[in-house]
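Structure record follows, encoded as C-alpha coordinates.
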Amino acid sequence: MTDRVVVAGAVLDRGRLLAARRSAPPELAGRWELPGGKLERGETPEQALVRELREELGIETEPVERIPGEWPLKPGYVLQVWTARLLSGEPLPLEDHDEVRWLTARELEADTVDWLDQDRPAVAEAARRLSGG
Ligand code: 523
(Lines give C-alpha, C1' and ligand atoms only; values in the text may rest on other atoms or scores of the structure.)
Protein backbone atom coordinates (compact mmCIF):
# COMPACT_ATOMS: atom_id res chain seq x y z
CA MET A 1 0.00 0.00 0.00
CA THR A 2 1.24 3.46 -0.75
CA ASP A 3 1.78 5.79 2.16
CA ARG A 4 -0.50 8.76 2.68
CA VAL A 5 1.18 12.09 2.15
CA VAL A 6 1.40 14.86 4.70
CA VAL A 7 2.53 18.03 2.99
CA ALA A 8 4.36 20.87 4.74
CA GLY A 9 5.45 24.30 3.59
CA ALA A 10 8.81 25.99 3.97
CA VAL A 11 7.26 29.44 3.59
CA LEU A 12 9.93 31.98 2.73
CA ASP A 13 9.49 35.74 2.86
CA ARG A 14 12.07 38.52 2.94
CA GLY A 15 14.90 36.25 3.96
CA ARG A 16 13.01 34.45 6.70
CA LEU A 17 11.43 31.02 7.17
CA LEU A 18 8.06 30.55 8.85
CA ALA A 19 7.90 28.20 11.85
CA ALA A 20 4.74 27.22 13.74
CA ARG A 21 4.44 25.65 17.20
CA ARG A 22 1.99 22.77 17.44
CA SER A 23 -0.73 22.84 20.08
CA ALA A 24 -1.84 19.21 19.53
CA PRO A 25 -1.73 16.24 19.90
CA PRO A 26 -0.16 16.19 23.38
CA GLU A 27 2.92 14.24 22.27
CA LEU A 28 3.73 16.87 19.61
CA ALA A 29 2.47 20.00 21.39
CA GLY A 30 5.18 22.58 22.00
CA ARG A 31 7.39 21.35 19.15
CA TRP A 32 7.88 23.51 16.06
CA GLU A 33 7.09 22.45 12.52
CA LEU A 34 6.83 23.52 8.95
CA PRO A 35 3.05 23.99 8.84
CA GLY A 36 0.86 21.76 6.68
CA GLY A 37 -1.31 18.68 6.92
CA LYS A 38 -2.78 15.62 5.27
CA LEU A 39 -3.91 15.54 1.68
CA GLU A 40 -7.66 15.28 1.24
CA ARG A 41 -9.13 13.01 -1.41
CA GLY A 42 -8.49 14.26 -4.94
CA GLU A 43 -6.08 16.99 -3.91
CA THR A 44 -2.59 17.47 -5.26
CA PRO A 45 0.09 18.15 -2.61
CA GLU A 46 0.32 21.76 -3.80
CA GLN A 47 -3.46 22.24 -3.42
CA ALA A 48 -3.40 20.68 0.03
CA LEU A 49 -0.55 22.93 1.09
CA VAL A 50 -2.31 26.12 -0.03
CA ARG A 51 -5.51 25.00 1.78
CA GLU A 52 -3.76 24.01 5.01
CA LEU A 53 -1.78 27.25 5.23
CA ARG A 54 -4.95 29.25 4.60
CA GLU A 55 -6.96 27.31 7.23
CA GLU A 56 -4.30 27.10 9.91
CA LEU A 57 -2.55 30.45 9.54
CA GLY A 58 -4.75 32.69 7.39
CA ILE A 59 -2.12 33.27 4.72
CA GLU A 60 -2.19 32.96 0.94
CA THR A 61 0.83 31.20 -0.49
CA GLU A 62 2.19 29.87 -3.74
CA PRO A 63 4.10 26.58 -3.73
CA VAL A 64 7.42 26.97 -5.53
CA GLU A 65 9.33 23.69 -5.56
CA ARG A 66 9.52 20.42 -3.74
CA ILE A 67 12.45 19.87 -1.41
CA PRO A 68 13.86 16.51 -2.52
CA GLY A 69 13.22 13.64 -0.16
CA GLU A 70 10.44 12.08 1.87
CA TRP A 71 10.44 11.49 5.61
CA PRO A 72 8.54 8.76 7.47
CA LEU A 73 5.91 9.75 10.06
CA LYS A 74 3.64 7.41 11.97
CA PRO A 75 3.05 4.11 10.12
CA GLY A 76 1.33 4.71 6.79
CA TYR A 77 2.28 8.40 6.48
CA VAL A 78 5.16 10.25 4.87
CA LEU A 79 6.15 13.91 4.97
CA GLN A 80 6.85 15.86 1.78
CA VAL A 81 7.91 19.49 1.83
CA TRP A 82 7.54 22.32 -0.67
CA THR A 83 9.05 25.75 -0.52
CA ALA A 84 6.37 28.40 -0.85
CA ARG A 85 6.16 32.12 -1.36
CA LEU A 86 4.00 34.30 0.90
CA LEU A 87 1.51 36.13 -1.31
CA SER A 88 -0.58 37.89 1.33
CA GLY A 89 -1.59 37.88 4.95
CA GLU A 90 0.18 37.88 8.27
CA PRO A 91 0.41 34.36 9.75
CA LEU A 92 -1.65 33.85 12.91
CA PRO A 93 -2.04 30.61 14.92
CA LEU A 94 -5.72 30.15 13.99
CA GLU A 95 -5.82 26.34 14.18
CA ASP A 96 -3.50 23.59 15.48
CA HIS A 97 -0.75 26.03 16.55
CA ASP A 98 -0.27 28.41 19.47
CA GLU A 99 2.63 30.48 18.16
CA VAL A 100 4.27 31.40 14.87
CA ARG A 101 7.69 32.89 14.21
CA TRP A 102 9.69 34.12 11.25
CA LEU A 103 13.29 32.89 11.53
CA THR A 104 16.29 34.45 9.82
CA ALA A 105 19.13 32.34 8.42
CA ARG A 106 21.16 33.32 11.46
CA GLU A 107 18.45 32.17 13.87
CA LEU A 108 18.11 28.90 11.97
CA GLU A 109 21.83 28.38 12.17
CA ALA A 110 21.81 29.06 15.92
CA ASP A 111 19.16 26.32 16.22
CA THR A 112 16.88 28.39 18.43
CA VAL A 113 13.78 26.30 17.82
CA ASP A 114 12.79 22.82 19.00
CA TRP A 115 11.79 21.40 15.61
CA LEU A 116 10.04 18.07 15.17
CA ASP A 117 12.82 15.61 14.36
CA GLN A 118 11.25 14.59 11.07
CA ASP A 119 11.13 18.24 9.89
CA ARG A 120 14.81 18.91 10.49
CA PRO A 121 16.24 17.75 7.12
CA ALA A 122 13.81 19.96 5.19
CA VAL A 123 14.41 22.88 7.58
CA ALA A 124 18.15 22.52 6.96
CA GLU A 125 17.57 22.55 3.20
CA ALA A 126 15.32 25.62 3.45
CA ALA A 127 17.97 27.34 5.58
CA ARG A 128 20.58 26.63 2.88
CA ARG A 129 18.32 28.31 0.33
CA LEU A 130 17.86 31.33 2.60
CA SER A 131 21.56 31.81 3.02
CA GLY A 132 22.04 31.38 -0.72
CA GLY A 133 23.99 28.13 -0.33
N1 523 B 1 3.63 16.24 10.75
C2 523 B 1 5.00 16.35 10.93
N3 523 B 1 5.61 17.47 10.44
C4 523 B 1 4.91 18.46 9.79
C5 523 B 1 3.50 18.32 9.63
C6 523 B 1 2.70 19.38 8.94
C7 523 B 1 2.90 17.19 10.13
O8 523 B 1 5.66 15.48 11.50
N9 523 B 1 5.60 19.52 9.33
C10 523 B 1 2.93 15.04 11.28
C11 523 B 1 2.17 15.29 12.53
C12 523 B 1 1.01 14.34 12.44
C13 523 B 1 0.79 14.13 10.95
O14 523 B 1 1.98 14.59 10.32
O15 523 B 1 1.41 13.09 12.99
C16 523 B 1 -0.41 14.87 10.41
O17 523 B 1 -0.20 16.24 10.55
P18 523 B 1 -1.37 17.24 10.97
O19 523 B 1 -1.98 16.77 12.25
O20 523 B 1 -0.79 18.60 10.95
O21 523 B 1 -2.34 17.06 9.75
P22 523 B 1 -3.85 17.54 9.61
O23 523 B 1 -3.93 18.97 10.08
O24 523 B 1 -4.29 17.25 8.24
O25 523 B 1 -4.51 16.56 10.68
P26 523 B 1 -6.02 16.27 10.99
O27 523 B 1 -6.54 17.56 11.57
O28 523 B 1 -5.87 15.18 12.01
O29 523 B 1 -6.66 15.83 9.73
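Structural remarks
- Computed about the Cα centre, the dipole magnitude for the range 1-73 is approximately 240 debye when only Lys and Arg (+1) and Asp and Glu (-1) carry charge, each at its Cβ.
- Nearest-10 value in Å² for the accessible area of ASP3, using the 1.4 Å probe: 80 Å²
- Square roots of five times the Cα gyration tensor eigenvalues for the range 26-133, Å: 20, 17, 16
- Sparse packing (at most 16 other Cβ atoms within 10 Å of the Cβ) combined with a DSSP loop state is found for the following GluC sites (Glu not before Pro) in the range 23-116: GLU27, GLU40, GLU43, GLU95.
- Cα gyration tensor shape for the range 79-119, rounded if a/c is under 1.5, else prolate or oblate: rounded
- Nearest-10 value in Å² for the accessible area of ARG54, using the 1.4 Å probe: 110 Å²
- Hypothetical label at TRP102: residues of the range 1-42 whose amide nitrogen lies under 15 Å (7 Å Cα-Cβ projection): 11-20
- Only Lys, Arg (+1) and Asp, Glu (-1) charged, at Cβ; the chain dipole about Cα centre in debye: 240 debye
- Projected-area average for the range 1-58 over all orientations - Cα convex hull basis, square nanometres: 5.1 nm²
The values are calculated or read from the model by the stated rules, or taken from the named source; none is laboratory data. From a predicted model like this one, the values you see are computed outputs, not experimental measurements. Because the Cβ atoms are built from the backbone with ideal geometry, glycine has one as well, and the counts that use them run over all protein chains shown. Just the protein is used for accessible areas: all its heavy atoms, side chains included, with ligands, DNA and RNA removed. Shrake-Rupley method; radii C 1.70, N 1.55, O 1.52, S 1.80 Å.
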